[in-house]
Amino acid sequence: MSIIEKAASKLEQRATVIASPEVTVTVDLPQEPPAVPPEGAQAPLLPSGNPFPEVSAEQKTAETGTALFAKIDLERLRHLNIVTPVGEYSLTAEEFRMIKRPLLNNAFSGEKKLKNSNLIMVTSALPGDGKSFCTLNLAISIAMEMDRTVLLVDADVSKPGQLKLFGIQAELGLLDLIQNPELPLSEVLIKTSIANLTLLPAGKPTRNATELLASEAMAHLLDDLAGRYPDRLILFDSPPLLVTTESSVLSTHMGQVVMMVDAASTTQPALKSALTLIQHCGYVGLIINRASPHLSLGTYGYGYSYGYGYGQQA
């Protein structure tokens, strides 16, 4: 049975999140994260009465160098049910601890077998599977490691959402770096008040985004980002595979791919088609969202093992 047939079979069984071939973890992520106020709208108030103002990253500077800096509103993130370094115990935080472990092992183990193993793309077959929400939670969870740093890249260049989740604004980003190799990286990266977490926004939209992501300039940029720091993991929030061609192009550079699957709406044909587009990747994992509650066992969400999860493709 091929890897695509196995994945489709697990979807039919309404499987829980597969974190490794031996352990599964239940994650009940929302189909869409709680609403973030649209531009120009009045931000909602927290119980404390504090609003969620958006902060311009260009107006902040780090103490060292010229890198942009943004102070992240952790209370905002908690309100959106996103993992935070200072948050209280939550099931979501425990679940992402389980999800990140095989990814980290692949990226930083002594016997690396995957090319570009520290480049990880998070995608889905179709919109609405909780992709961006998962990417942000995974990025912060990895940043909480004692000896790892994370670069979160908003590669969903047609419909970027990471900065909105953070509540910050920026003009330049990934597409600008590709189009202008002379543009200093320090003028684009946004260092955050979350230790070990840096952001790379999508940048100014352009009609030829797919061609830019497939260009030699993109390949050189990724090589530079991946090799600049040995402890860095680069996480890409990419578009759904069946909506644009940008994700399939981006996946050719990735060492690992994480696919979000909505157990309530993603069909087998859609999943098969999406997995076919990334079958060249050496390592693919599935996060099955909105799975049936009866599949989970115990307080910490441990579930049944189906013998399929993160692993090398045949």
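The values are calculated or read from the model by the stated rules, or taken from the named source; none is laboratory data. Given the structure is predicted, the values throughout are model-derived calculations rather than measurements. Cβ placement follows ideal geometry from the backbone for every residue including glycine, while neighbour counts extend to all protein chains displayed.
Of note, Glu145 does not satisfy the criterion of being free of Cβ contacts under 8 Å to residues at least 40 places away in the same chain, among the charged types (D, E, K, R) and outside any helix (DSSP H, G or I). Between Leu275, Leu235, Leu213, Leu241, the distinction of being of a type outside the set (Gly, Ala, Ser), more than 17 Å from Thr135 (Cα to Cα), surrounded by 21 or more Cβ atoms within 10 Å (Cβ to Cβ) and at pLDDT 95 or above belongs to Leu275 only. Within segment 108-142, being modelled with pLDDT of 95 or more and small (Gly, Ala, Ser) holds for Ser124, Ala125, Ala139, Ser141.
The residue of segment 83-100 that is modelled with the lowest pLDDT, among those that are hydrophobic (A, V, I, L, M, F, W, C) and assigned to a loop (DSSP other than H, G, I, E, B), is Val86. Could you check segment 101-139 and list, in sequence order, the residues that are touching a residue at least 40 places away in the same chain (Cβ under 8 Å), assigned to a loop (DSSP other than H, G, I, E, B) and farther than 18 Å from Leu165 by Cβ? Answer for segment 101-139, where residues must be touching a residue at least 40 places away in the same chain (Cβ under 8 Å), assigned to a loop (DSSP other than H, G, I, E, B) and farther than 18 Å from Leu165 by Cβ: Lys113, Leu114, Lys115, Asn116, Ser117, Asn118, Ala125, Leu126. Scanning segment 222-278 for residues that are farther than 25 Å from Pro184 by Cα, under 13 Å from the mean Cα position of the chain (by Cα) and in a loop (DSSP other than H, G, I, E, B) turns up Pro239, Pro240.
Of Leu175, Leu151, all but one fail to be surrounded by fewer than 24 Cβ atoms within 10 Å (Cβ to Cβ), part of a strand (DSSP E or B) and modelled with pLDDT of 95 or more; the exception is Leu151. Of everything in segment 131-158, what is under 10 Å from the mean Cα position of the chain (by Cα) and basic (Lys, Arg)? Give them in sequence order. Correct list: Lys131 only. If you go through segment 159-169 one residue at a time, do you hit one that is more than 26 Å from Val86 (Cα to Cα), modelled with pLDDT under 95, within 17 Å of the chain's Cα centre (by Cα) and not in a strand (DSSP E or B)? Yes, the conditions are met somewhere in segment 159-169.
Does Arg232 satisfy the condition of being charged (D, E, K, R) and within 30 Å of Thr266 (Cβ to Cβ)? Give the steps one after another, and end with the answer.
Working: charged (D, E, K, R): yes; within 30 Å of Thr266 (Cβ to Cβ): no.
No; evaluated as a whole, the condition is false for this residue.
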